Amino acid sequence: MASRLLWASRAASYLRISVFHRGFSSVLKDLKYADSHEWVKVEGNSATVGITDHAQDHLGDVVYVELPEVGAPVEQGSGFGAVESVKATSDINSPVSGKIVEVNEELSSSPGLVNSSPYEKGWIIKVEVSDSDELKNLMDADKYSKFCEEEDAKH
């Protein structure tokens, strides 16, 4: 455990050089968002899941992503992994129910992709969706942007 933490802090100091901070968070129009700051892009019955730009911005430099097993079931609103940053460890919840069909192995060696490319290269899992009706429980881009503004105003 100690060696992983040492590696994580070394990786974080290395990442701090290469990650630039923007003053605003981007929200993509064609995605759906959970109030726990995960995004989902649904194509047919396949859903790609990651954490939002807003979430990675608040977490700071991500040094480790705990990935689930392929084939594991996920439920809407339930945790399936974690993102560890220099500031905190946060659970990642699934915005949809179904079965994990792919995990982003790239994050094992490059967890910083969650920071630098949260909507593209930094995706976390792909899920075979079991109930597409659940998508109605999620926010669209406009609602999510407003949600983030209100949440930030409280802090």
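Laboratory data are not the source of any read-out in this text; all were calculated from the coordinates shown. Keep in mind it's a predicted model, so treat the numbers as computed, not measured. For neighbour counting, all protein chains shown are included, and Cβ atoms are generated from backbone atoms with ideal geometry for every residue, glycine included.
Applying the Karplus parametrisation 6.51 cos²θ - 1.76 cosθ + 1.60 with θ = phi - 60° to the phi angles of the stretch 114-122, what ³J(HN,Hα) value in whole Hz is obtained for each residue in order, glycine and proline being reported as x?
After applying 6.51 cos²θ - 1.76 cosθ + 1.60, I find 4, 7, 7, 8, x, 9, 10, 6, x Hz.
Can you compute 3J(HN,Hα) from phi for each residue in the stretch 91-97, using the Karplus curve 6.51 cos²θ - 1.76 cosθ + 1.60 with θ = phi - 60°, rounded to whole Hz and x for Gly and Pro?
Each residue's phi maps through the Karplus curve to give 5, 10, 9, 8, x, 9, 9 Hz.
Show the residues, 5+ positions off or on another chain, whose built amide H is closer than 5 Å to the amide H of V96.
Residues meeting the criterion, in which the H sits 1.01 Å from N, are G77.
Long-range amide H contacts for A82: which residues qualify at under 5 Å (H placed 1.01 Å from N, peptide plane, sequence gap of 5 or more or a different chain)?
So A82 has HN proximity to E66, I92.
Hey, with R₀ at 22 Å, roughly what FRET efficiency would S78 and D140 work out to, going by the Cβ-Cβ distance, to 0.05?
0.50
Show me, for the stretch 135-140, the HN-Hα J-couplings you get by feeding each phi into the Karplus relation (A = 6.51, B = -1.76, C = 1.60, θ = phi - 60°), rounded to Hz, glycine and proline as x.
So the Karplus estimates, Gly and Pro as x, are 4, 5, 7, 9, 8, 8 Hz.
Using a 10 Å cut-off around each Cβ, can you sort S109, S130 from fewest to most neighbouring Cβ atoms?
S109, S130
Once amide H atoms are built 1.01 Å from N in the peptide plane, which residues 5 or more positions from V101, or in another chain, come under 5 Å H to H?
Sorted by chain and number, the residues that satisfy this are G71, K126, V127, E128.
What nm value, rounded to one decimal, do you get for the distance between N45 and E120 when each label is placed 7 Å out toward the C-beta?
It works out to 3.1 nm between the two label points.
What's the local net charge at G71, with K and R +1, D and E -1, over the other residues with C-beta under 14 Å away?
Net charge in that neighbourhood comes out at -1.
With a/c under 1.5 counting as rounded, go ahead and sort the stretch 22-150 into rounded, prolate or oblate using the C-alpha gyration tensor (a ≥ b ≥ c being the square roots of the eigenvalues; past the cut-off, prolate if a/b is larger than b/c, else oblate).
Oblate, because a/c is 1.5 or more while a/b does not exceed b/c.
To check my understanding: the extent here is largest minus smallest coordinate of the Cα atoms along each principal axis. What are those three numbers for the stretch 44-114, in Å, largest first?
33, 23, 19
Determine the alpha carbon to alpha carbon distance for each of K32/K121; K121/K154; K29/K136; K29/K154; K99/K146 and list only those over 22 Å.
Correct reply: K121/K154; K29/K154; K99/K146.
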